[in-house]
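These notes concern the structure reproduced below.
The values are calculated or read from the model by the stated rules, or taken from the named source; none is laboratory data. Quantities reported herein were computed from a predicted structural model and do not represent experimental measurements. A quick note on method: Cβ atoms are made from the backbone with ideal geometry, for glycine too, and the neighbour counts reach across all protein chains shown. Ligands, DNA and RNA are stripped out before the accessible areas are found, and what is left, the full protein with its side chains, is counted by its heavy atoms. Shrake-Rupley method; radii C 1.70, N 1.55, O 1.52, S 1.80 Å.
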Amino acid sequence: MSLTAGSRGPVELRNRPTGALVADREGVAAQFALMNLQERGTLFVGPGDPLYEGMIVGENARADDLDVNASKEKHLTNIRSSTADVLVRLVPHRQLSLDQALELLRSDECAEVTPAAVRLRKVVLSKVDRVKVARRARV
């Protein structure tokens, strides 16, 4: 995509080469789920943050988008073992400024700015609708 910038000629817009980790349901971000997701890429949310379907919770290390359940809790059982509850530390999540959020945007994403936070989300929130739009774009 190119834009004209006055007399300087066309300017190429950068597009990030990585995909997004997209929340697939509404809920609250759980430490157990984020611990497993931090292996897949950089996180933009921390434990206790509210989530909704279509919200981008992180940057995927691969080029494609990945729908994830960031609100998954650990199942509790009555059986305990000495190695089951090993202390796991989360890597601090990346707080996005407005400038950083705008640089990360792709054509199917938008930035959401509130007094409390700057968030990224998909333009089409529902996973089913995103798949339909992608099919139409391919044809």
| Is it the case that Q95 is under 13 Å from L120 (Cβ atoms) and polar (S, T, N, Q)? | yes
| task | For segment 37-58, name all the residues that are of a type in the set (A, V, I, L, M) and assigned to a loop (DSSP other than H, G, I, E, B). | result | V45
| field | Any chance R89 is surrounded by fewer than 16 Cβ atoms within 10 Å (Cβ to Cβ) and part of a loop (DSSP other than H, G, I, E, B) | value | yes
| Filtered residues of segment 43-64 (kept if under 26 Å from R106 (Cβ atoms) and either open to solvent by 60 Å² or more (accessible area, probe 1.4 Å) or small (G, A, S) (or both)) | G46, P50, E53, G54, G58, A61, R62, A63, D64
| request: Return a yes/no flag: does segment 118-132 have any residue that is more than 20 Å from D24 (Cβ to Cβ), open to solvent by 80 Å² or more (accessible area, probe 1.4 Å) and among the hydrophobic types (A, V, I, L, M, F, W, C). | output: no
| message | If the requirement is being surrounded by fewer than 17 Cβ atoms within 10 Å (Cβ to Cβ) and more than 23 Å from T18 (Cβ to Cβ), which of these qualifies: E103, E73? | response | E73
| query | What single numbered condition from (1) in contact with a Phe, Trp or Tyr (Cβ under 7 Å, 6 or more places away or on another chain); (2) outside any strand (DSSP E or B); (3) modelled with pLDDT of 90 or more fails to hold for K74? | reply | (3)
| said: Can you pull out every residue in segment 102-117 that is closer than 20 Å to R25 by Cβ and part of a loop (DSSP other than H, G, I, E, B)? | reply: D108, A117
